[in-house]
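Taken together, the values in this text are just the output of simple stated rules run on the coordinates, not laboratory data. Here the structure is a predicted model, which is why all the values come from computation and not from measurement. Cβ atoms come from the backbone with ideal geometry, glycine included; neighbour counts cover every protein chain shown.
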Amino acid sequence: MKYMEEVRKRFGKAPAFALGDLRIFLAKAKISDGYLHLLVHNLLSRGEIRRISRGTYTFRDEAEVAGFGYRPFYYGLQEALSIRNLWEQETNPIVITPRKVRSGMKAFDGSNFLVKRIRRQMFFGFRMEKYSDFWIPVSDIEKTLIDFIYFNEPLGKGELREIKRKLDAKVLAGHLKRCPQWVKKRVRRMLK
């Protein structure tokens, strides 16, 4: 196909791309929607790209690109602890998004990842972190603690001790101002 090489060059190093991104990139060529879908179909059937979610694809085979199918998102909970070296165990990526998507375990390229929905008012407290040769959004330590309470997830004593040691009190106070009252109470109780 005529535009495959251009698509490989443009999106090959990106963690993910949407069908809309591809449509915009090829707009100058004035290709039809049918051709666009055929191009994606051919790349999928050759195994060059993988489908992350509806309309989102990647050339990569790393599980950490799965979150890009649920933009806006960040990696949180145990995954954030792993990325920040506060958790020694291997985890499935945990994608946290305010989008109206079905929560639960999903599969991407033979690996599982977990999608959790969060209220839009609670979608804050993450930073971009370098992962491999691309950047991913990961919750900061303070927001990770808040998310453990918000999602009612168990947190081991060792991990809690490490989180307490690395917490920034000012950042935590700023985050707690944006949280519901019940979350504030449980965080303060946990930190005593």
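On a 0 to 90 degree scale, rounded to 10, what angle separates helix 181-190 from the longest Cα axis of the chain?
It works out to around 60 degrees.
Under a straight-distance cross-link criterion of Cα-Cα below 25 Å, which lysines are reachable from residue 13, leaving out those fewer than 8 residues away in the same chain?
Filter leaves 2, 28, 30, 106, 130.
Could you work out the relative contact order of region 4-58? I mean the mean sequence separation of Cα pairs under 8 Å and 6+ apart, divided by the number of residues, in percent.
It rounds to 48 percent for region 4-58.
Run the reach check for residue 185 against lysines, Cα to Cα strictly under 25 Å, same-chain hits fewer than 8 apart removed. What comes back?
The qualifying lysines are 116, 143, 157, 164, 166, 170, 177.
Which whole-number percent gives the relative contact order of the chain, counting Cα pairs below 8 Å spaced six or more residues apart?
Here the relative contact order equals 15 percent.
Per DSSP H run of n ≥ 4, the term is -39500 (n - 2.57); total these for the chain, divide by its residue number, and report the mean residue ellipticity at 222 nm rounded to 500 deg cm²/dmol.
-10500 deg cm²/dmol
Between residue 133 and residue 10, with labels modelled 7 Å along Cα→Cβ, what's the label distance in nm to one decimal, could you check?
Reported label-point gap for residue 133 and residue 10 is 2.0 nm.
To the nearest 0.05, how large is the calculated FRET efficiency for residue 107 and residue 171 if R₀ is 22 Å and r is the Cβ-Cβ distance?
For residue 107 and residue 171, the calculated efficiency is 0.05.
What is the calculated FRET efficiency for residue 48 to residue 89, with r their C-beta to C-beta distance and R₀ = 35 Å, to the nearest 0.05?
FRET efficiency, residue 48 to residue 89: 0.60.
Just order 72-85, 171-184 by mean Cβ neighbour count inside 10 Å, highest at the front, would you?
So the order, starting with the most tightly packed, is 72-85, 171-184.
Among (1) -0.48, -0.81, -1.15, -1.25; (2) -0.56, -0.82, -1.07, -1.13; (3) -0.49, -0.92, -1.31, -1.38, which one is log10 I(q)/I(0) by the Debye sum over Cα atoms at q = 0.10, 0.14, 0.18, 0.19 Å⁻¹ computed from these coordinates?
Recomputing log10 I(q)/I(0) by the Debye sum over Cα atoms at q = 0.10, 0.14, 0.18, 0.19 Å⁻¹ here picks out (1).
Compute the helix-to-body angle for 33-45: its Cα long axis versus the longest principal axis of the chain, expressed 0 to 90° and rounded to tens.
For 33-45 against the chain, the angle is about 70 degrees.
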